[in-house]
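Notes to accompany the following structure.
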Amino acid sequence: MKKLLTIIILFIINMDYSVAQSASDIMDKYTKVTGGKKNWDKVNSMKVTGIAKLLNQGGLELPFTRIMKKDGKQITSLKVNGMDYISIAFDGKIAWGSNQQMQPEAKIDDTSHNTMITKYDFPYPGHNWKQNGYTVDYLGKETVINTETYKIKLTKLPQLVDVKEVENILYLYLDAKKYVPILTESIVMTGIDKGKILRSFLSNYKEVNGLLYPFIVTMKYEEETFQILETETVEWNSEIDDSIFEMKAN
């Protein structure tokens, strides 16, 4: 009886330790299989180009360019009738974008803050999560599109909604065999889609200079697909002029 109790106690101790360690272990394997911490730490900028298929706009297809730097500066643009529509940009201080008249205008303070803290998601959400003040929790296994995954809760720095801090949580579903995310989920906190679950399905991973990147991202609100991003090129550490992040008159 005493031996049996000892075995049970050891099992419980080991089980608790395994659960406590698994979230960190899974994130470490994620980093390793996609290129390794040493290589990811060397990334100071990234430029992604491709085609955005806007299914909520009648299937309209527009070329897109997204440029990001480690310090948080970023710009995402769509080519519309030969003109650049800026969906979001951040110059290090303020966020801005194009209005309906294709003219640049500053975003509200909440957006500037929320865009600024995305620098801690560079070059991908969860990189250096501990030193960035994030926490990770393992929530168990779930099946996503016939694939067994590890579900990770990534609690990031608080975001602002109406100048008040609110939780900022991203759920990662990592392929249990390949250790790469095939789905991310978050709750939309502002705008007409507030309260909906934003799902991003990641696929077609390709190696670019030793680092894996998902070349297809299918985005859904709840179960309705509204956008598909098909990446054509990815560049790491290309030379970038910071003036492109600044809001100009036209």
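The values are calculated or read from the model by the stated rules, or taken from the named source; none is laboratory data. Only a predicted model underlies this, so the values are computations on that prediction, with no experimental measurement involved. No Cβ is skipped: glycine too gets one built from the backbone with ideal geometry, and neighbour counts run over all protein chains shown. Each accessible area value is taken on the protein alone, full model and side chains, heavy atoms only, with ligands, DNA and RNA left out. Shrake-Rupley method; radii C 1.70, N 1.55, O 1.52, S 1.80 Å.
Looking at Tyr221, Tyr179, which one is among the aromatic types (Phe, Trp, Tyr) and either open to solvent by less than 30 Å² (accessible area, probe 1.4 Å) or within 25 Å of Leu160 (Cα to Cα) (or both)? Before you say what the answer is, go through the steps one by one.
Working: Tyr179 fails: either open to solvent by less than 30 Å² (accessible area, probe 1.4 Å) or within 25 Å of Leu160 (Cα to Cα) (or both).
Every option except Tyr221 fails the conditions.
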Looking at Ile117 and the list (1) in contact with a helix residue (DSSP H, G or I) (Cβ under 6 Å, 6 or more places away or on another chain); (2) without any contact (Cβ under 8 Å) to a residue 60 or more places away in the chain, which single condition is not satisfied?
(1)
Any residue in the stretch 31-54 that is among the acidic types (Asp, Glu) sitting within a Cβ distance under 9 Å of a residue that is open to solvent by 50 Å² or more (accessible area, probe 1.4 Å)? List the pairs, counting only those 6 or more apart or interchain.
none
Picking from Lys69, Lys73, which residue would you name as being touching a Gly at 6+ places or on another chain (Cβ under 8 Å) and touching a residue at least 24 places away in the same chain (Cβ under 8 Å)?
Lys73
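Among the candidates Ile240, Ile187, Ile169, single out the residue that is open to solvent by 80 Å² or more (accessible area, probe 1.4 Å) and in contact with a strand residue (DSSP E or B) (Cβ under 9 Å, 6 or more places away or on another chain).
Numbers: Ile240 fails: open to solvent by 80 Å² or more (accessible area, probe 1.4 Å); Ile169 fails: open to solvent by 80 Å² or more (accessible area, probe 1.4 Å).
Being open to solvent by 80 Å² or more (accessible area, probe 1.4 Å) and in contact with a strand residue (DSSP E or B) (Cβ under 9 Å, 6 or more places away or on another chain) holds for just one of Ile240, Ile187, Ile169, which is Ile187.
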Residue count, the stretch 140-185 (criterion: outside any strand (DSSP E or B) and aromatic (Phe, Trp, Tyr)):
1
I'd like the residue in the stretch 24-43 that is open to solvent by less than 80 Å² (accessible area, probe 1.4 Å) and not in a helix (DSSP H, G or I) and, out of all such residues, is farthest from Leu212 (Cα to Cα).
Val43
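Okay, residues lined up against (1) assigned to a strand (DSSP E or B); (2) surrounded by 15 or more Cβ atoms within 10 Å (Cβ to Cβ); (3) of a type in the set (Val, Ile, Thr):
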| residue | (1), (2), (3) |
| --- | --- |
| Tyr138 | yes, yes, no |
| Ile192 | no, no, yes |
| Tyr205 | yes, yes, no |
| Pro214 | yes, yes, no |
| Gln227 | yes, yes, no |
| Lys248 | no, no, no |
